[in-house]
Amino acid sequence: MSMVRDWLVERVSGQVWWYRVPVVLALMWILRGYLEFRGGGSIFGGVNLAFHEMGHAFFFWSGDRILTAAGGTIFEVGIPIAAGAYLALRQRDPFGAVVCLFWLGTALVGVGVYAADARAQALPLVSPFGPVDVDSHDWTVILLKYGKLSRDQAIGGAFQTAGMWAMSASIALQLFVMAIMAKSGPASTD
């Protein structure tokens, strides 16, 4: 644990913690909305949908129906992970990285809502590839392939729970990073 703390102190020393308070408060407000309505919804929704559709387009060229269907979820979850890794490792921005953890949480909740809808297919679907039909629901395609369609609610619930935990952990980590910033003091002007 001290190695992680040392890494954080090295990255955030001299940064002003209170600049980040509005971000934390906004994300706490968004988390409150997800807690009140488990299906959630936030400013991240449109971004998540865009990456979801890009994932389908990216994997469409593989010619594999399952990979194309899963590509939406792969990108929707993978892009926040990649962005967080980039911010942590290349930009040396731990605070930005844990904000990406929150973004990942919103994506996981969205994936969970979609997976849980595999049998009911009650959600309105979006597709840049033409008409939407019963074979357009990604999670119906995926779960049917692996004989798990009857588990759609449990699988969806697991994704939603993981998303809620990720968002909550992100808030806690943001506060932790800000506390380290506050303790390390402002950068010297020498």
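Table for the structure above
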read-out: 0 to 90° range, to nearest 10: angle between helix 152-184 axis and the chain longest Cα axis; value: 10
read-out: Spin-label model distance (nm) - residue 120 vs residue 65, 7 Å beyond Cα toward Cβ; value: 2.6
read-out: Segment residue 175-residue 58, extension gain: residue separation times 0.36 nm, minus the distance between their alpha carbons; value: 38.5 nm
read-out: Alpha carbon centroid spacing (whole Å) that separates region 154-181 from region 23-79; value: 16
read-out: Phi-based couplings in Hz for region 112-123 (Karplus 6.51, -1.76, 1.60; Gly and Pro marked x); value: x, 4, 5, 4, 5, 8, 4, 7, 6, 6, 8, 6
read-out: For the chain, the spread of Cα positions along each principal axis, largest first, Å; value: 65, 36, 28
read-out: Coordinate range along principal axes, alpha carbons of region 1-51, Å, largest first; value: 37, 24, 21
read-out: Most fluctuating residue given options 156, 63, 71, as computed from a GNM of the chain linking Cα atoms under 10 Å; value: 63
read-out: Simple label model, 7 Å out from Cα along Cβ direction - residue 47 to residue 21, nm; value: 2.3
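Rule-based calculations on the coordinates, nothing more; no lab input. What you are looking at is a predicted structure, and each value in this text was computed from that prediction instead of being measured. Positions of Cβ are backbone-derived with ideal geometry, glycine not excepted, and every protein chain shown enters the neighbour counts.
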